[in-house]
Amino acid sequence: MNVSSLRIDCVVSTLCNISRSKAEELVRQGKVLVDYSEDFKKNKILNCDTIITVRGYGKFKIVEEVGWTNSGKVKILVKKFI
């Protein structure tokens, strides 16, 4: 998966296939949990082995940062819990 940055709003918008402003709103409403705790900051930078829970969309884990694309985006490997 390619994201423009590892900020929580960018990653959530890509994971859930929603706009970045909608992702910011979910973070602000407390519907996004980072490692099982609420975080209301949209600019939080995520690391590898971070578990992200988005109410209504699912639970995801950032496994690793694979590299960079030619356009400057970050390639990350994400697994979805089922």
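Where a number appears in this text, it was derived from the coordinates with a stated rule and is not lab data. Keep in mind it's a predicted model, so treat the numbers as computed, not measured. Neighbour counts are summed over all protein chains in view; Cβ atoms, including those assigned to glycine, are modelled from backbone coordinates with ideal geometry.
Quick rundown of the values:
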quantity	calculated
J(HN,Hα) series, the stretch 26-41, from Karplus relation 6.51 cos²θ - 1.76 cosθ + 1.60, nearest Hz, glycine and proline x	4, 5, 5, 7, x, 8, 10, 10, 10, 6, 6, 9, 5, 9, 8, 8
Neighbourhood charge, 9 Å Cβ-Cβ cut-off, centred on residue 62 and excluding it, Lys, Arg +1 and Asp, Glu -1	-1
Among 50, 69, 14: highest mean-square fluctuation, GNM of the chain, C-alpha pairs under 10 Å	69
